[in-house]
Amino acid sequence: TMLPDNRGMSLLDVACGNGRVTRVLQDFAAVLETDLSPEAVRLTAEAGRDDPRRRALVMDAENLQLPDESFDVVTFIEGAEHVHDLAVAIREISRVLKPGGRLVMNSANTGSLHLRVLAGLGLPNLKTNYQHIREFNIKEIEVMLQDSGMVVEQSEGIFLFPYWGLPGVDQQVRHVVDTDPSVVEAL
């Protein structure tokens, strides 16, 4: 798993949405959930009202109003695509992480297999969600993390077979999947 034994540790959940991430994480001594949206923070606070370890505050990921080196773990789940300047948000996260702290984040990947298949078919690129400001590839995020002084210890992805077995689609994409060098390499 990407998280260490978290007993007694402090957690900052940046771009918490409705608080879904912290509901599945246990054993943290203190949890601060932040989001730019007052409605998201309201939902998060409501979800955590019976847990004295949890607090929720309206806060911009690009301007965390928090002391330096104050959290053991930061989660940034489903948030990277929703900030205006991800490099600034990552620098802020790095700033509030304690030495040896850990960031767990995810992001839609513009270098993902389904987008390579679309390009191989000559179709335009698309965002995975119309609400995303910008999406990134893995290398772009790794560079931002390294530029902020963080070290990438582990990186995982979700592998999806590209449309195989979908009636009417399989036949359209199979030549790209089987012959496009970029797609073949990813597979």
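The values are calculated or read from the model by the stated rules, or taken from the named source; none is laboratory data. Keep in mind the model is a prediction, meaning the values are calculated, not measured. Because the Cβ atoms are built from the backbone with ideal geometry, glycine has one as well, and the counts that use them run over all protein chains shown. All accessible areas refer to the heavy atoms of the entire protein, side chains included, with ligands and DNA or RNA removed. Shrake-Rupley method; radii C 1.70, N 1.55, O 1.52, S 1.80 Å.
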Treating only Lys and Arg (+1) and Asp and Glu (-1) as charged, each at its beta carbon, one finds that segment 23-106 has a dipole about its Cα centre, in Debye to the nearest 20, of 260
Scalar couplings 3J(HN,Hα) for segment 102-109 by Karplus 6.51 cos²θ - 1.76 cosθ + 1.60 (θ = phi - 60°), nearest whole Hz, x for Gly and Pro, are 10, 9, 10, 9, 9, 6, 5, 10
For Leu25, the accessible surface traced by a 1.4 Å probe with all protein chains present amounts, in square angstrom to the nearest 10, to 30
To the nearest 20 debye, the chain has a Cα-centred charge dipole, built from +1 on Lys and Arg Cβ and -1 on Asp and Glu Cβ, of 260
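Give me the 1.4 Å probe accessible area per residue for segment 96-152, excluding ligands and nucleic acids, in Å². Before the final figure, lay out the partial values.
Details: 3290 Å² over 57 residues.
Accessible surface, normalised per residue, equals 58 Å².
If you roll a 1.4 Å probe over the heavy atoms of the protein chains, what accessible area per residue do you get for segment 1-71, in Å²?
54
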Share of accessible surface on carbon and sulfur in the chain, whole %, 1.4 Å probe and ligands ignored, is 53
Of all trypsin sites (Lys or Arg not before Pro) in segment 40-84, the ones in DSSP coil with at most 11 other Cβ atoms within 10 Å are Arg49
Along the dipole axis of segment 1-132 (charges at Cβ: +1 for Lys and Arg, -1 for Asp and Glu; origin at the Cα centre), the most positive-end residue among Val83, Asn6, Leu118 is Leu118
Of segment 119-137, those with amide N under 20 Å from the point 7 Å along the Cα→Cβ vector of Ser155 are 128, 134-137
Sorted by accessible surface (1.4 Å probe, heavy atoms of the protein chains only), largest first, Asp27, Asp180, Asp85 come out as Asp27, Asp85, Asp180
Percent relative contact order for the chain, counting Cα pairs under 8 Å at least six residues apart, stands at 17
When every protein chain stays in place and a 1.4 Å probe is rolled, Asp5, Asp35, Asp50 sorted by accessible area with the largest first are Asp50, Asp5, Asp35
For segment 1-59, using Cα atoms only, the Rg and Dmax in Å read 10.8, 31
Listed by chain and number, the residues whose amide H is under 5 Å from that of Thr75, excluding neighbours fewer than 5 places away on the same chain and using placed H, are Leu12, Asp13, Val14, Val104
Sequence order, segment 121-134: Karplus ³J(HN,Hα) from phi using 6.51 cos²θ - 1.76 cosθ + 1.60, θ = phi - 60°, Hz rounded, Gly and Pro as x, gives 8, x, 8, x, 5, 9, 8, 6, 8, 5, 7, 6, 6, 7
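Find, to one decimal place in angstroms, the Kirkwood hydrodynamic radius of the chain, where the mean of 1/r is taken over every pair of different Cα atoms and then inverted.
18.1 Å is the Kirkwood radius here.
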